[in-house]
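Okay, structure first, notes after.
The values are calculated or read from the model by the stated rules, or taken from the named source; none is laboratory data. Since the model is a prediction, treat every value here as computed from it, not as a measurement. For neighbour counting, all protein chains shown are included, and Cβ atoms are generated from backbone atoms with ideal geometry for every residue, glycine included. Accessible surface areas use protein heavy atoms only, side chains included; no ligands, DNA or RNA. Shrake-Rupley method; radii C 1.70, N 1.55, O 1.52, S 1.80 Å.
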Amino acid sequence: MYQSTDFDRQFLRQRAQQFRDQFSRWQRGELSDDQFRPLRLQNGWYVQRYAPMLRVAVPYGEISAVQLRALARVAREFDRPAPDLLARAQTTQDALQAAQPGLTLAAPPLRWGYAHFTTRTNVQFNWIALERGPDVMDLLADVGLHGIQTSGNCIRNLCADALAGIAPDELADPRPFAEILRQWSTLHPEFAFLPRKFKISLNGASENRAALGWYDVGLQLVRNAAGDLGFTVRVGGGMGRTPTVSRVIRDFLPCNQMLNYLEAIIRTYNLYGRRDNTWKARIKILVKAEGQRFIDAVEAEYQAILMQDGAPHTITDAELERVRAGFSAPQNPPANVSHSVDTQSAGYQRWLARNTRAHRNADLAIVTLSLKRPGLAPGDADADTLCALADLADTFSAGQARLTHEQNLLLPWVHRGDLPALFERARALDLARPNIGLVSDLVACPGGDFCALANARSIPIAAALGHLHQDADKAEDLGPLHLRLSGCINSCGHHHSGHIGILGVDKDGQEWYQITLGGSDGSALSGPEEAGKVVGPAFSAAEVPDVIEALLATYRAQRQGGAEPFIQTLRRVGHAPFRQAANAARHNALRDAGSGGAQEKPRA
């Protein structure tokens, strides 16, 4: 994990003080709401459906036990709804529940005092009063956390492979480049007000575990024929209203030219990206519209930058080594904690197979703790759980952990001899469910229970599906399967890349859900990135669980050898039998009542 410098710490404290000053001026009326809005947004403060929402950045997913405890303190002391807001939220939920014809799904009660881990390694809080914001920012800055550029039309929090620096199949560690990029892009004066938000992901392994094709820019470390390290550069990916897989615009870029080339890309986007239409302002629209002309414009800008004195952002060997030194492997002796686990038991062996992975150091293992638990939304962790996660990281993983794209928490430095003791402690905390990569490892956004942009709620659907898929034997029998759920077309639940995707849509105040099949995140299991295809007209909330069960039953009937993964079966037999099964699962009582809404196209 990167060891921050005195400059880093001083910078965050100054930024927190600036936010306090901006907030005070807004309270005194010296800043209008319109003037304060971009200032709070670029510090991670949204105003959501019922209350402010704070988004905290965790660059490339690395987080310490100290930081987890700070998040626990925020959850415990600050994430509290005002009574009037809570009453209004509950009234709205009750009205939505009553508006669903035949709906039997009951949403879990509204909760507070917890953090939500997102698909882009951010952490969100949904109930912090804005007047307490400056105190929260001070607390976060003290442990190296912040909300800088987690919103706004700027370069957002950087993402990377969750196994960066520890994976056996890694060509080179992308984290030093991610850190250099983080330092370069933070508060970059030219790129703070882009046409739209801008997201970057990096990968250094042979397997694409960073969903590179779904980002505005994806950087894949490679070596050329001479053995030089560089990047394959992909541009123009993104989900949302127009799901688009990025295209390669450079097969090989010397790694020391990363910043110069990115500057050329973003300058070109800043110059030509549309600002008259929010839905057409992302770089994916520009790349798709201009094609080779965009690539030529980037190359011309890049050559012009290189002609400047010293090529201003060339990464020197000394700078790269300085940052690399901040990622040295920790000194982590075995914990040697006693346990009473039967290591030959089926439960332990299943957890070992499903929740642990090989490490580049044969004496160590990579362990994923599951945050998919009944009664809780995917990726949610209350204050007590956050503290428990910090304790596990301290005891077994040198005080280090990582957030994953799948909304779980990973321990990167666990000694193999400590696995039974870790399993025993995690199981007692309900963090050892052996479901990583299975249907019960559902990824979902908060949806309409909190988000002002959402068309439908995600949490009650996630709860119903979680209830159906609690049986570990049945989930294991289904094998690897990516189930993704978004409450609106903005795709924060990454439904486009799900083998099965669920998208909330709206019609006249009623919630409906489109089902997509065949999406891919670019991983070895899923293959090249691809957006799932819509099954047909949308389904009511009450129908969704039966539809998913029908799809899974079709898979079981069609798979070969009893072990063919869902995505391979789908591609082999085609969508037709799955589409037929899904439509046959519609509820007759609902079909007439809601068929008009089922046809409605989603809106953001």
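Going from most exposed to least, what order do Cys387, Cys159 have by accessible area with a 1.4 Å probe?
Details: Cys387 40, Cys159 0 Å².
Accessible-area ranking of Cys387, Cys159, largest first: Cys387, Cys159.
Please state the Cα pair-distance histogram of the chain with 20 angstrom bins from zero: what percent is in each bin?
In whole percents, the pair-distance histogram is 20, 56, 24, 1.
To the nearest 500 deg cm²/dmol, what mean residue ellipticity at 222 nm is calculated for the chain from DSSP H runs of n ≥ 4 alone, each contributing -39,500 (n - 2.57), summed and divided by the residues?
Calculated from helices alone, the mean residue ellipticity at 222 nm is -11500 deg cm²/dmol.
At q = 0.23 Å⁻¹, what log₁₀ I(q)/I(0) does the range 346-425 have when each alpha carbon counts as one equal point scatterer in the Debye sum?
With no solvent term, the Cα-only Debye profile gives -1.19.
Just to confirm, what accessible area per residue do you get for the chain at 1.4 Å probe, in whole Å²?
Details: 23150 Å² over 604 residues.
That works out to 38 Å² for each residue.
Sort by residue number and report every cysteine in the chain with no other cysteine beta carbon within a distance under 4.7 Å.
When partners are defined as cysteine Cβ atoms under 4.7 Å apart, the chain leaves Cys154, Cys159, Cys255, Cys387, Cys451, Cys488 without one.
Give me, ordered by chain and number, the residues 5 or more places off Ile502 or on other chains with an amide H under 5 Å from its own placed amide H.
Under 5 Å from the amide H of Ile502: Arg484, Leu485, Ser486, Thr516.
Could you compute how much accessible surface Glu290 exposes when probed at 1.4 Å, giving the result in Å² to the nearest 10?
Looks like 70 Å² after rounding.
Between Ala563 and Ser24, with labels modelled 7 Å along Cα→Cβ, what's the label distance in nm to one decimal, could you check?
Placing both labels 7 Å beyond Cα along the Cβ direction yields 6.6 nm.
Tell me, how many Å apart are the Cα centres for the range 362-379 and for the range 395-412?
The range 362-379 and the range 395-412 have Cα centres separated by 8 Å.
Using alpha carbons only, what's the Rg to Rh ratio of the range 1-81 with Rh from Kirkwood?
1.00
Using a 1.4 Å probe on the protein chains only, how many percent of the accessible area of the range 204-248 belongs to carbon and sulfur?
Of the solvent-accessible surface of the range 204-248, carbon and sulfur hold 49 percent.
Search the structure for amide H atoms under 5 Å from the amide H of Val414, placed 1.01 Å from N in the peptide plane, and list their residues when 5 or more places away or on another chain.
Placed amide hydrogens put Ala365, Val367 under 5 Å from Val414.
Return the long-range amide H neighbours of Asn43 (sequence gap of 5 or more, or a different chain), with a cut-off of under 5 Å between placed amide H atoms.
Gln149
Just to be sure I understand the model, the point goes 7 Å from the Cα along the line to the Cβ. What's the resulting Asp142 to Glu321 distance in nm?
Here the answer is 3.8 nm between the modelled labels.
May I ask for the percentage of alpha-carbon pairs in the range 169-303 that lie more than 19 Å from each other?
Here the tail beyond 19 Å accounts for 48 percent of pairs.
Please list 3J(HN,Hα) in residue order for the range 232-239, calculated via the Karplus relation 6.51 cos²θ - 1.76 cosθ + 1.60 where θ = phi - 60°; whole Hz, with x for glycine and proline.
8, 10, 10, 9, x, x, x, 9
Starting from the Cα-Cα distance between Asp228 and Glu299, subtract it from 0.36 nm times their residue separation and give me the gain in nm to one decimal.
So the extension gain works out to 23.5 nm.
For the range 269-404, what is the convex hull (Cα atoms) projected area averaged across all directions, in square nanometres? Before the final figure, lay out each step's value.
Values: hull surface 62.9 nm².
Average projection, Cα convex hull of the range 269-404: 15.7 nm².
Using θ = phi - 60° and the Karplus form 6.51 cos²θ - 1.76 cosθ + 1.60, what ³J(HN,Hα) does each residue of the range 464-479 get, whole Hz, x for Gly and Pro?
Those phi angles translate into 5, 5, x, 5, 5, 10, 5, 5, 5, 5, 5, 5, 5, 4, 6, x Hz.
Would you work out which of Leu422, Leu389, His496 lies farthest towards the positive end of the dipole of the chain? Charges go on Cβ: Lys and Arg +1, Asp and Glu -1.
Projecting each Cα onto the dipole axis, the largest value belongs to His496.
Under the Karplus relation 6.51 cos²θ - 1.76 cosθ + 1.60, θ = phi - 60°, what is the ordered set of whole-Hz ³J(HN,Hα) values for the range 395-401, x standing for Gly and Pro?
6, 10, 9, 6, x, 10, 8
What is the mean projected area of the alpha carbon convex hull for the range 371-498, to one decimal in square nanometres?
Spelled out: convex hull of the Cα atoms, projected over all directions, averaged, 8.2 nm².
Measure off 7 Å from each Cα along the Cα-to-Cβ vector at Arg572 and Gln90, then give the distance between these two points in nanometres to one decimal.
5.2 nm
Hey, could you grab the Kirkwood Rh for the range 419-558? Inverse mean 1/r over distinct alpha carbon pairs, Å, one decimal.
15.6 Å
Report the calculated FRET efficiency for Arg80 and Lys533 (r = Cβ-Cβ distance, R0 = 41 Å), to the nearest 0.05.
The formula returns an efficiency of 0.40 here.
Toward the positive end of the charge dipole of the chain, about the Cα centre and with charges on Cβ (Lys, Arg +1; Asp, Glu -1), which of Gln400, Gln14, Ala98 goes farthest?
Ala98
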